[in-house]
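Asker: Here's a structure for you.
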Amino acid sequence: MASFPPKLKTEMTSNERLQNLKNTFETKYGESPLFYACAPGRVNLIEHIDYCGYSVLPMAIEQNILAAVSVNNSETIALANTNPLYKDFTVSCSEDIAIDRENPKWYYYFLCGVKGIQEKLGGAPLSGMSCVVDGTIPPSSGLSSSSALVCCAGLVAMEANQKSLSKVALAEICTKSERYIGTEGGGMDQSISFLAERGTAKLIEFQPLRATDVKLPDGAVFVISNCCVEMNKAASSHFNIRVVECRIATKMLAQARGLDSSRLLKLVQVQTELEASLEEMLALVDEVLHPEPYSREEICKQLGVTTEQFSSELLSSNTQHVTHFKLHQRAKHVYGEASRVQAFKSVCDSEPADSVRLLGDLMNRSHASCRDLYECSCPELDTLVDICLKSGAAGSRLTGAGWGGCAVSMVPVEMVESFLRAVSEAFYLHDPRRAAMEKQSLFVSKPGGGAAIFVE
C-alpha cells in the first residue's frame, strides 16, 4: 500500500460530478479550482470498539465528501456547500481556529481538519483558501459523513499549504482533531477514510495504527439500508456516555485485579496488563461487575476518588448529567465484540465453504449485543434488521455509532434483487417520508478506495 494519499490527474469530461462542482465553484468565486480532494465514508462490518483500543473491521464505501479548492493570500478560509441547507462560512486562518462544540454546524467539522493541520505545522498561519464542498454520504446515518468531512478538510489543508503527510499521519491528526467538536471517537472512521483500498475491507489495529487487507467472500455483497432516524454524535451525549462507561469499567476491573487503575483508560489495556484471553476477560466481567447500574457514589467509593475527581477525570463535558452507569453490560459487549472481530477475520482468511453463513451469524450476534448489552440501537433499526433477515440476508446489524442511521446486511449474490425489492416494500414504500428517501437509503456497496487529491 502506498504511504501517501494519491494525487491523480483526471479528465473533467468523464466525471459529471467533478464538472458540476467546478462549475459551481467558478460561479461562486469567479475563478477555477486549483485542485480537488475527496474522502470516503465507511461501513463497519463488525462493531465500533475502536475507542476501547480494539481492532475494527470496516470498508470504505463509494459515497464520499468532495471539495474544490483554490489558494490565495486573503488570510481567510471561505467555505460553501452545494447543499443549500448548509450555510456559507468564512474564518480567519492567520490565527488559532476556534471550534464551537456547542453548535456542531457542518463547517466546524471541516475546520476541525484544518485546525489539526494548523497544529501539526506548529500553529503557523495557513494559506488562504476558497472551498466548495459536495457530499454524497447521507448525513447522521452511521456512514461517517462527519469524519469524512474532517478527513477531506485535513487533506485540503495539507495540499493547500504544500506539505506532504503520510496516510497514517493524516488519519492520526484527523482522529485527534475531530475531538474538538466533542466526539470522543477512537480512530476507525478516519483510518479507513485514508487507508482504504478498492476491493478489500481492512482490519484496523491501533497503537501503532496499521491496516491489513481482509478479503470478503465472493458469494455475497453488502447492502446498506438507512432506517431514516438521524443521529448526530456531537449533538447528543449517547455516544460519549458509552465511552465514559467503558472508561469507568476499565478502572473497576483493573482495581479488582490489583493493577494501577490511575493510568488505564481503555478496556484493551486491562487485557494486555493481565495477559488474559478475551474469554478470560468475559469471565472477569461476570465476576467483578454486577449487572445492576452503578451509582456515582458506589463508583467513587470503590475507586477511592472524590465526586469532584469523578466529574473532572472520568466524565466528558456532555456527560456531567449522568447519574447511573451500566458497567457490566458495556464491558461484556466490548470484549465479546473484540472476539467477534477476530472470528470474522479468521473466517475471511480461511475461506470455508460456508463462510457467508458463518459471517452472517457473527453479524447477527453483534447486532443482538449492540441492542441488548450496549443499548445503542433503536426500534426503527431493530425493525429494519428483522426485515433484512426475513428478506434473505445471511446477517444484518447496525453500523456506525447507532441510535439511528444504517444497517449493513450480508446478502448472497443470487438474492440481491429480490432482497432489495422485499426491503423496499416492507420498510420504505408504506411510509411517505421513507419512500422519498429510498434512493439514497438502500444500496449495494463494494469496498471503495481511500482519500485522494485530483488535479486537471
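The values are calculated or read from the model by the stated rules, or taken from the named source; none is laboratory data. Small disclaimer: the values here were computed from a predicted structure and weren't measured. Virtual Cβ from ideal backbone geometry, glycine too; neighbours counted across all protein chains shown. Side chains included, ligands, DNA and RNA excluded: accessible areas come from the protein's heavy atoms. Shrake-Rupley method; radii C 1.70, N 1.55, O 1.52, S 1.80 Å.
Asker: Per residue of the stretch 430-436, in order, report the coupling 6.51 cos²θ - 1.76 cosθ + 1.60 (Karplus, θ = phi - 60°) as ³J(HN,Hα) in whole Hz, putting x for Gly and Pro.
Answerer: Using θ = phi - 60°, the values come out as 7, 10, x, 5, 5, 4, 5 Hz.
Asker: Which log10 I(q)/I(0) values does the stretch 202-291 give at q = 0.22 Å⁻¹ under the Debye formula, counting every alpha carbon as one identical point scatterer?
Answerer: -1.07
Asker: Here's another thing I want to ask about it. Using mean Cβ contacts within 10 Å as the protection proxy, how do 359-371, 430-442, 117-129 order, highest first?
Answerer: Result, highest mean Cβ count within 10 Å first: 359-371, 117-129, 430-442.
Asker: Tell me, what is the percent relative contact order of the stretch 1-143, built from C-alpha pairs under 8 Å that lie six or more residues apart?
Answerer: Relative contact order comes out at 26 percent.
Asker: I've got another one for you. Mind running the shape call on the stretch 133-175? Use the C-alpha gyration tensor, a ≥ b ≥ c as the square roots of the eigenvalues: rounded below 1.5 for a/c, prolate if a/b tops b/c, oblate otherwise.
Answerer: oblate
Asker: Over the alpha carbons of the stretch 261-371, what is the largest minus smallest coordinate on each principal axis, giving the biggest first in Å?
Answerer: 56, 29, 25
Asker: In this model, which of 390/439; 9/115; 202/446 are farther than 24 Å apart at the alpha-carbon?
Answerer: Cα-Cα > 24 Å for 9/115; rest within.
Asker: Where the Cα atoms of the chain are projected onto their three principal axes, how long is each span, largest first, in whole Å?
Answerer: 66, 55, 43 Å, listed from the longest principal axis down.
Asker: Continuing with this model, one more query. Pairs to check: 7/105; 176/345; 28/120; 176/266; 105/176. Give those whose C-alpha atoms are more than 25 Å from each other in this structure. Present the calculation step by step, with values, prior to reporting the outcome.
Answerer: Numbers: 7/105 29 Å; 176/345 27 Å; 28/120 30 Å; 176/266 16 Å; 105/176 18 Å.
Correct reply: 7/105; 176/345; 28/120.
Asker: With no solvent and one point per C-alpha, what does the Debye sum give as log10 I(q)/I(0) for the stretch 158-239 at q = 0.14, 0.20, 0.22, 0.24 Å⁻¹?
Answerer: Values returned for q = 0.14, 0.20, 0.22, 0.24 Å⁻¹ are -0.68, -1.08, -1.13, -1.16.
Asker: So what is log10(I(q)/I(0)) for the stretch 348-410 at q = 0.26 1/Å, when the Debye sum runs over its Cα atoms only?
Answerer: Summing over Cα pairs of the stretch 348-410 leads to -1.04.
Asker: Whole angstrom only: what separates the Cα centroid of the stretch 372-437 from the Cα centroid of the stretch 270-332?
Answerer: Result: 33 Å between the Cα centres.
Asker: Something else now. Excluding ligands, DNA and RNA, what is the solvent-accessible area per residue of the chain at a probe of 1.4 Å, expressed in Å²?
Answerer: I get 40 Å² per residue for this part.
Asker: Quick one: P(r) of the stretch 238-307 from all Cα-Cα pairs, 5 Å bins, percents rounded to integers, in order of increasing distance.
Answerer: 3, 16, 28, 28, 18, 7, 1
Asker: Taking every pair of alpha-carbon atoms in the stretch 127-203, what share in percent sits in each 10 Å bin, from 0 to the bin with the longest distance?
Answerer: Using 10 Å bins, I get a P(r) of 17, 49, 31, 3 for the stretch 127-203.
Asker: Report, in deg cm²/dmol and to the nearest 500, the calculated mean residue ellipticity at 222 nm for the chain, where each DSSP H run with n ≥ 4 adds -39500 (n - 2.57) and the sum is divided by the residue count.
Answerer: Result for the chain: -12500 deg cm²/dmol, rounded to the nearest 500.
Asker: Where does the stretch 334-456 land on Rg/Rh, using Cα atoms and the Kirkwood Rh?
Answerer: Rounded to two decimals, Rg over Rh is 1.01.
Asker: Among 221, 293, 364, whose Cα projects farthest towards the positive end of the dipole of the chain, with charges put on the beta-carbon of Lys, Arg (+1) and Asp, Glu (-1)?
Answerer: Result: 221, furthest along the dipole toward the positive end.
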